[in-house]
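Comments concern the structure below.
The values are calculated or read from the model by the stated rules, or taken from the named source; none is laboratory data. What you are looking at is a predicted structure, and each value in this text was computed from that prediction instead of being measured. For accessibility, only protein heavy atoms count, side chains too; no ligands or nucleic acids. Shrake-Rupley method; radii C 1.70, N 1.55, O 1.52, S 1.80 Å.
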Amino acid sequence: MPKGRAAKRTTDHRVMSEWLFTNSQELLFVVGADGLMTLANPAWLKATGWTEAEVVGAYAIQFIHPDDV
């Protein structure tokens, strides 16, 4: 596959992934290897009442109920 086509496929995939993450009604968040939250989708923020500023950079474990650990 030519480089140009591969780059376009990567860009298309990234755009579609971002759209799905943002528009999904499922509660989604992304956690780095260090345990810190890097992203939370609008559905997660709406359901939890937290703001993006409050959760990005926080340890994900603090948002998980102790019975679920």
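Starting from residues that are part of a helix (DSSP H, G or I) and among the hydroxyl-bearing types (S, T, Y), keep the ones in the stretch 1-33 and report whichever is nearest to A43 (Cα to Cα). Result: T22. For the stretch 6-30, a residue qualifies if it is more than 13 Å from the chain's Cα centre (by Cα) and open to solvent by less than 70 Å² (accessible area, probe 1.4 Å), and the qualifying residues are A6, A7.
For (1) within 11 Å of the chain's Cα centre (by Cα); (2) open to solvent by 70 Å² or more (accessible area, probe 1.4 Å); (3) on the phi > 0 side of the Ramachandran plot, each residue gets a yes or a no:
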residue: G4; (1), (2), (3): no, no, no
residue: G32; (1), (2), (3): yes, no, no
residue: T38; (1), (2), (3): yes, no, no
residue: N41; (1), (2), (3): yes, no, no
residue: W50; (1), (2), (3): no, yes, no
residue: E54; (1), (2), (3): no, yes, no
residue: A60; (1), (2), (3): no, no, no
